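See structure below.
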Amino acid sequence: MVKIKKYSIKEIFDNEDILKLTYNVDLIEYLKKYDGKKGYVFTGVLMRDEIVNMPIHDKQFFIVNYDKSTQEGSHWVAVVKNKDKVYHFGSFGLPPLQEVKARFSRYKIYYSDTPMQLTTSSICGYLCLKFIEWMIQEKRSFYEFLSKCMTHSNRYKKDVG
């Protein structure tokens, strides 16, 4: 297990080429401290086929992997539910997983379709953690988080010179 350091959005993108993979045990250890904060329930770090059995709470957050539990794991995305709104963040800008859509079909799901992460990097777990921290503070919006990521994303930086 690796102890994950708290990074700013800028630091995550500045270190995109050197940050190591995150594993479920690392993400769980980091997120446990937020369980119960402002009424949010931490419902786990899951594989996509485990969402169907996950309880739904008024306020909750979790991280889900694109792979099934019989696979190794490939890409992390984060979900934060605040009453009747569900916010889905994936750093590759893909629509929410079908399993997330099905589980939260009664709710409006907000997501970004803009890729933030380089396809050669492993920062998805770090960005998921930052997204959850950002959203459960309830001080700033989902769109402000996306804008901040776009400001620092290496996908959109232009070489000068």
Inset, instruction - Give me a count of the residues in region 48-66 that are of a type in the set (A, V, I, L, M) and buried (at least 19 other Cβ atoms within 10 Å of the Cβ). - result: 3
Inset, instruction - Those residues that are within 24 Å of D49 (Cβ to Cβ), touching a Ser or Thr at 6+ places or on another chain (Cβ under 6 Å) and either assigned to a helix (DSSP H, G or I) or free of Cβ contacts under 8 Å to residues at least 40 places away in the same chain (or both), I need them from region 103-148; list them, please. - result: C124, G125, L127
Inset, instruction - Return only the number of the condition from (1) of a type in the set (D, E); (2) in contact (Cβ under 8 Å) with a residue 24 or more places away in the chain; (3) within 16 Å of E133 (Cβ to Cβ) that E16 does not satisfy. - result: (3)
Legend entry - Count - residues of region 10-36 that are within 26 Å of E99 (Cβ to Cβ), of a type in the set (D, E, K, R) and in contact with a helix residue (DSSP H, G or I) (Cβ under 7 Å, 6 or more places away or on another chain): 0
Inset, instruction - Run T151 past the list (1) under 24 Å from E16 (Cα atoms); (2) within 17 Å of the chain's Cα centre (by Cα); (3) in a helix (DSSP H, G or I); (4) not small (G, A, S) and report the number of the one that doesn't hold. - result: (2)
Legend entry - Candidate set from region 1-39 (those that are more than 15 Å from the chain's Cα centre (by Cα) and of a type in the set (G, A, S)); member that is farthest from S121 (Cα to Cα): G39
Inset, instruction - Can you give me the number of residues within region 67-100 that are more than 11 Å from the chain's Cα centre (by Cα), outside any loop (DSSP other than H, G, I, E, B) and surrounded by 15 or more Cβ atoms within 10 Å (Cβ to Cβ)? - result: 5
Legend entry - Single condition T22 does not satisfy, out of (1) under 24 Å from L146 (Cα atoms); (2) not in a loop (DSSP other than H, G, I, E, B): (2)
Inset, instruction - Being in contact (Cβ under 8 Å) with a residue 24 or more places away in the chain, within 20 Å of S74 (Cα to Cα) and surrounded by 15 or more Cβ atoms within 10 Å (Cβ to Cβ) is the filter here, so list the residues in region 19-44 that pass it. - result: L19, T22, Y23, N24, D26, L27, E29, Y30, L31
Inset, instruction - Would you point out which residue out of V45, V2 is of a type outside the set (D, E, K, R) and either assigned to a loop (DSSP other than H, G, I, E, B) or more than 19 Å from F131 (Cα to Cα) (or both)? - result: V2
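Coordinate-derived values only; no laboratory data. Just so it is clear, the model here is predicted, and its values are computed rather than measured. A quick note on method: Cβ atoms are made from the backbone with ideal geometry, for glycine too, and the neighbour counts reach across all protein chains shown.
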